[in-house]
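All remarks here apply to the structure that follows.
The values are calculated or read from the model by the stated rules, or taken from the named source; none is laboratory data. Keep in mind that this is a model prediction, so the values were computed, not measured. Here Cβ is always computed from backbone atoms with ideal geometry, including for glycine, and neighbour counts include all displayed protein chains. When the accessible area is computed, the model is the full protein with side chains, heavy atoms only, and any ligands, DNA or RNA have been set aside. Shrake-Rupley method; radii C 1.70, N 1.55, O 1.52, S 1.80 Å.
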Amino acid sequence: MTPVIALMAVLVCSAAPVSARDTVPAAGDLGATHFPNSGAPSAQRDFLRGLLLLHSFEYEAARKSFQAAQGTDPGFAMAYWGEALTYNHPLWGEQDLAAARSALARLAPTPEERAAKAPTARERDYLASAEKLYGDGDKVRRDAHYSAALDALVRAYPDDLDARALYALSILGLTGGKRNVANYMRAAAEAEAVYEVDGFHPGALHYLIHAYDDPIHAPLGLRAARSYGRVAPAAAHAQHMPSHIFFALGMWDDAIAANAASLATARAHGDGGYHSLLWLVYAYLQEDRRRDAEPLIRSVAHDVRAGATKDNRIRLAYARAMWLVETRGADGPDARSPVDSAGIASIGYFAAHDFARGITASAIGNPAEARVSLAQLRARIDAARAGAAGATPDSHGMVMADWHDMATAGELDQARAMAAALRGTIEYYGGHRAAGLARVREAIAMTAHMDFEYGPPWSVKPLDELLGELLLTDGRREEAAAAFQKTLTAYPNRRLALEGLAASGTMR
């Protein structure tokens with residue numbers, strides 16, 4: 001089979017190679033990449049489309065494209081490599097090890113036989129990296145070996161931008177999706193090297209955003225955020241990703257535009273787009289645009305009634321939690337109604353809804369509902385703890401194909417902190433103000449070791465903001481202002497923290 005040398009993919013239609021860095025390519029809806037390979041010419045369109053979709057985390061669509069390439073050219077080794085990578089989601093805590101190994105086995109039964117199917121040394125190196133990712137050992141070890149294999153591949157083929165982009169992603173994945181500044185900056189350096197050569201490479205743009213999506217580094221990600229959605233407009237995730245930077249900087253108009261576009265793209269492709277929908281609701285509520293946010297929340301409830309899934313139920317819980325917190329307890333779109341969590345192991349979004357119901361019920365003078373919410377939250381923690389005790393964990397905790405099916409150690413820590421803060425809130429509004437404030441401070445201390453998580457707050461209501469509001473009610477304005485300032489450091493331009501700071505009378 002004749003190798004296809006220096007092939008440029010610009011999808012969906014063809015265009016001349018992109019070399020300038022000051023304009024976005026006019027043609028192509030998923031971005032562009034060069035990827036020499038030995039597949040049949042007739043399989044190139046599907047393979048390259050799959051690769052571009054892979055860089056944008058459109059895993060299901062990428063899988064279908066790689067499988068289509070296999071159908072056209074059954075001996076196309078890289079098409080099986082590509083499909084295998086769609087089963088590894090390093091930043092989402094998901095990996096379907098069995099499915100990935102099965103995809104590789106369809107090429108040939110053993111690593112040696114698979115390597116023999118790859119006509120070039122470079123393709124054999126790519127296959128070898130996947131063998132490391134899905135080989136023996138726990139996930140921490142496999143991730144490390146995979147990243148090392150990609151590092152070697154980059155050094156062997158310094159002009160291979162996809163290898164370098166995937167290497168950057170592998171570095172981000174070394175900490176199980178948890179932010180580690182040293183690792184994230186290493187990944188940023190690799191993605192920047194790709195960007196310097198090709199400012200339109202979707203992998204470079206995507207992974208730069210992930211590397212920089214915290215309030216300290218976010219300004220460095222603005223270039224990528226301004227480009228990525230325009231480079232790959234057919235990928236809903238590419239439309240959404242710029243909002244990671246916009247959230248970190250409190251740029252709500254930009255965040256709304258990005259997530260509205262992402263949601264529209266997802267819905268056009270027959271997907272619920274719930275992740276972007278939640279971020280859109282949050283951004284709307286930061287501008288107090290309740291009339292825009294409420295129909296979105298109701299649409300998720302409609303979807304649950306029409307056909308309940310794990311995903312739409314868990315998203316509905318968090319959407320309702322956001323509404324309660326940001327409207328200070330307004331019922332609105334049935335926001336106080338619990339969501340059925342049966343069959344879902346992940347507890348984070350449900351715990352946030354328990355927490356939101358409880359703190360807002362306390363504030364509006366309904367202690368009975370607050371106590372019920374606390375009891376529900378505690379029961380949820382106990383059930384998740386019992387489930388975790390009966391599981392066989394990997395070194396990163398449970399590794400599953402679907403994040404809905406696992407309660408992580410991080411989720412349990414967060415839920416415990418929320419339970420402590422809710423208990424303190426109930427005590428405060430029950431007349432035990434000093435004890436309540438002390439309990440909320442203890443909850444905040446419980447979070448000191450936790451990694452920063454981008455996007456809407458994991459607790460829906462930042463615990464420092466909650467403390468600030470209680471202190472403000474207690475007349476302790478200077479302390480309240482400090483709590484609001486701390487909130488704004490992590491969540492810039494957050495509306496309720498700004499309102500609290502203004503009410504403290506200490507703004508300069």
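Note on the range 241-392: Kirkwood radius taken over Cα pairs, Stokes-Einstein applied at 10 °C and 1.306 mPa s, translational D equal to 98 µm² s⁻¹. In the full protein context, the chain carries 39 Å² of accessible surface per residue, based on a 1.4 Å probe and ignoring ligands, DNA and RNA. Remark on Thr33: its backbone amide H falls under 5 Å from those of Ala9, a criterion applied only to residues 5 or more positions apart or on other chains, H modelled at 1.01 Å from N. Its DSSP H runs of at least 4 residues, each contributing -39,500 (n - 2.57), put the calculated 222 nm mean residue ellipticity of the chain at -20000 deg cm²/dmol, to the nearest 500.
When the accessible area of the chain is split by element with a 1.4 Å probe, what percent falls to carbon and sulfur? It is 54 percent, rounded to a whole number.
Scalar couplings 3J(HN,Hα) for the range 465-479, obtained by applying the Karplus form with A = 6.51, B = -1.76, C = 1.60 to θ = phi - 60°, are 5, 4, 4, x, 5, 5, 5, 5, 4, 7, x, 9, 5, 5, 5 Hz; x denotes Gly and Pro. Using θ = phi - 60° in the Karplus curve 6.51 cos²θ - 1.76 cosθ + 1.60, the 3J(HN,Hα) couplings for the range 429-438 round to 6, x, x, 9, 5, 5, 5, x, 4, 4 Hz; x is entered for Gly and Pro. Full extension of the chain between Ala182 and Arg101 gives 26.0 nm of extra length, using 0.36 nm per residue less the Cα-Cα distance.
Note on the range 83-151: Rg/Rh from C-alpha atoms, Kirkwood Rh, equals 0.95.
Using 0.36 nm per residue and subtracting the Cα-Cα separation, the extra length available between Asp159 and Met450 on full extension is 100.9 nm. Packing here is the average count of other Cβ atoms within 10 Å per residue, and on that basis the peptides 205-215, 361-371, highest first, run 205-215, 361-371. Peptide packing for 126-135, 450-459 was compared via the average number of neighbouring C-beta atoms within 10 Å per residue; ordered from the highest value, the list is 126-135, 450-459.
The average projected area of the range 188-268, computed from the convex hull of its Cα atoms over all directions, is 4.5 nm².
Across the range 226-239, computed HN-Hα scalar couplings (Karplus, 6.51 cos²θ - 1.76 cosθ + 1.60, θ = phi - 60°) run 6, 9, 4, x, 7, 6, 10, x, 7, 9, 4, 5, 5, 5 Hz from first to last residue, x flagging Gly and Pro. Each label point was placed 7 Å from the Cα along the Cα-to-Cβ direction; for Asp334 and Ala368 their separation is 2.2 nm. Between Asp288 and Thr309, the simple spin-label model (points 7 angstrom out along Cα→Cβ) gives 3.6 nm.
By average Cβ neighbour count within 10 Å, what is the ranking of 59-69, 136-146 from highest down? Provide the component values of the computation, followed by the final result.
Working: 59-69: 21.0, 136-146: 17.1.
Ranked by mean Cβ neighbours within 10 Å, highest first: 59-69, 136-146.
One decimal place: the segment Ala268-Ala503 gains 80.2 nm when fully extended, by the rule 0.36 nm per residue minus the C-alpha distance. Scaled against the 2.2 N^0.38 Å expected of a compact globular protein of N residues, the Cα radius of gyration of the chain reads 1.02.
Relative to one another, the C-alpha centroids of the range 320-391 and the range 137-183 are positioned 38 Å apart. Could you tell me which of rounded, prolate or oblate describes the range 22-92, using a ≥ b ≥ c as the square roots of the eigenvalues of the alpha-carbon gyration tensor, with rounded for a/c under 1.5 and, failing that, prolate when a/b is larger than b/c and oblate otherwise? Oblate is the answer for the range 22-92, as a/c is 1.5 or above yet b/c matches or exceeds a/b.
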